[in-house]
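Student: Here you go, one structure.
The values are calculated or read from the model by the stated rules, or taken from the named source; none is laboratory data. As the structure is a computational prediction, the values presented were derived from the model and not from experiment. Ideal geometry is used to build each Cβ from the backbone, glycine not excepted, and the neighbour counts take in all protein chains shown. Each accessible area value is taken on the protein alone, full model and side chains, heavy atoms only, with ligands, DNA and RNA left out. Shrake-Rupley method; radii C 1.70, N 1.55, O 1.52, S 1.80 Å.
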Amino acid sequence: MVHFTPEQEMENIRAMRAAAIGQTQLLVEALPWIKEATGKTVVVKYGGAAMTDAKLRADVMSDIVLMKIIGINPIIVHGGGNDITQLSERLGLPVEFKDGFRVTTPEVMDVVKMVLIGKVNQELVSQMNEHGHIAVGLNGADAHTIKAVQLHKEMGLAGRVSKIDTRLLRDLISSDYIPVIASVAVGEDGLSYNVNADLAAGEIAAAIGAHKVIFLTDVDGLYHDFNDKGSLISRLNLTDAITMQESGTLTKGMIPKIEACITALKAGVARAHILNGTLPHSLILELFTDQGVGTMIQPDDEEYVPGDFTNYPLDNLASKLHFA
């Protein structure tokens, strides 16, 4: 047993007291941001290294459940490009991209569905449901939630979102569930299409009138120059984002994210965020602290001030959670 002198004991008490005060300050700081988001829908696109690392994935899932407990309505949209590539290579199928989109033969489309619907979606739902019976897995073909058209004949079953039907999503949200959506869409021809998860998230946020859309990736955000890590952009407006999109200077992975942000903001979504999902609890830091992380894109000529509190019924939700 370790014995402390009275002076050491007093120093330990002071340290614990200071830590408690710091935690209290964080809660006080978070209050206006919690009030602003409570009762509102936030679309989170989940991808990158944060998805493949088990510990990071667990952190993200717990953060999303925390959002729900607070009273936010999260909708999760995910891809799984790395897993699709790995399985395709193991099966001896070609891995080919054009203009950032995967060339998707019928055989590759089968792999896409196996990976996104059968593996990644179920893993995310299962991990979230460790905290309670709260997450529901689906894909864009369910209730024709995501409709798509073929990008180009030479691209096979790679598609672009043409329409979002929000009825199933609204039903799930009204029943206090978290929809977790794999980025597989359905065409008018009844075929499945492989759609970009970033673009799908932007279209869903626009269609459902989300408060925010958040892109969790494996970089810190948007840069003026990706090779200069000191050029991270913490905030920009819609016009600036459109200018960057049209400049042709965006990196390949950032092109669909910025397009999705623009789609959402033009439809009236209040904010779009690009965050590094490999930073533990970056979602919570961005949503509930003054400092924030990553890049935020907002409408032109608008100051960002937390809004009024919106009441949200938590009774039904509590029954679904083990720790409510």
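Student: I need a count of the residues in the stretch 130-140 that are out of contact with any Lys or Arg (no Cβ under 7 Å at 6 or more places or on another chain) and modelled with pLDDT under 95.
Tutor: Total satisfying the criteria: 2.
Student: Please indicate, with yes or no, whether at least one residue in the stretch 176-190 is more than 19 Å from residue 264 (Cα to Cα), open to solvent by 30 Å² or more (accessible area, probe 1.4 Å) and of a type outside the set (D, E, K, R).
Tutor: yes
Student: Also, I was wondering about something else. If you go through the stretch 151-169 one residue at a time, how many are without any contact (Cβ under 8 Å) to a residue 60 or more places away in the chain and either out of contact with any strand residue (DSSP E or B) (no Cβ under 9 Å at 6 or more places or on another chain) or surrounded by 19 or more Cβ atoms within 10 Å (Cβ to Cβ) (or both)?
Tutor: Selection size over the stretch 151-169: 11.
Student: So, one more: Using the structure shown, decide if residue 105 is among the hydroxyl-bearing types (Ser, Thr, Tyr), touching a strand residue (DSSP E or B) at 6+ places or on another chain (Cβ under 6 Å) and either open to solvent by 10 Å² or more (accessible area, probe 1.4 Å) or within 20 Å of residue 172 (Cβ to Cβ) (or both).
Tutor: yes
Student: Does the stretch 232-240 contain any residue that is touching a strand residue (DSSP E or B) at 6+ places or on another chain (Cβ under 9 Å), over 27 Å from residue 109 (Cβ atoms) and crowded, with 23+ Cβ neighbours inside 10 Å?
Tutor: No, the stretch 232-240 contains no residue that is touching a strand residue (DSSP E or B) at 6+ places or on another chain (Cβ under 9 Å), over 27 Å from residue 109 (Cβ atoms) and crowded, with 23+ Cβ neighbours inside 10 Å.
Student: Can you list residue pairs whose Cβ atoms sit under 8 Å apart, with the first residue in the stretch 78-95 being more than 27 Å from residue 260 (Cβ to Cβ) and among the aliphatic types (A, V, I, L, M) and the second being open to solvent by less than 40 Å² (accessible area, probe 1.4 Å) and in a helix (DSSP H, G or I)? Count only pairs 6 or more apart in sequence or on different chains.
Tutor: Close Cβ pairs (under 8 Å, with a partner that is open to solvent by less than 40 Å² (accessible area, probe 1.4 Å) and in a helix (DSSP H, G or I)) amount to 91/111; 93/108; 93/111.
Student: Further question on the same structure: Keeping to the stretch 67-98, report how many residues are touching a His at 6+ places or on another chain (Cβ under 9 Å) and open to solvent by 60 Å² or more (accessible area, probe 1.4 Å).
Tutor: Residues that pass the stated criteria total 1.
Student: Among 119, 113, which is the only one that is modelled with pLDDT of 85 or more and in contact with a strand residue (DSSP E or B) (Cβ under 9 Å, 6 or more places away or on another chain)?
Tutor: 113
Student: Filter the stretch 241-269 for residues that are farther than 22 Å from residue 100 by Cβ and surrounded by fewer than 18 Cβ atoms within 10 Å (Cβ to Cβ) and give the result.
Tutor: 267, 268
Student: May I pose another question? Suppose the filter is open to solvent by less than 30 Å² (accessible area, probe 1.4 Å) and farther than 13 Å from residue 180 by Cα; does residue 111 pass it?
Tutor: It is true that residue 111 is open to solvent by less than 30 Å² (accessible area, probe 1.4 Å) and farther than 13 Å from residue 180 by Cα.
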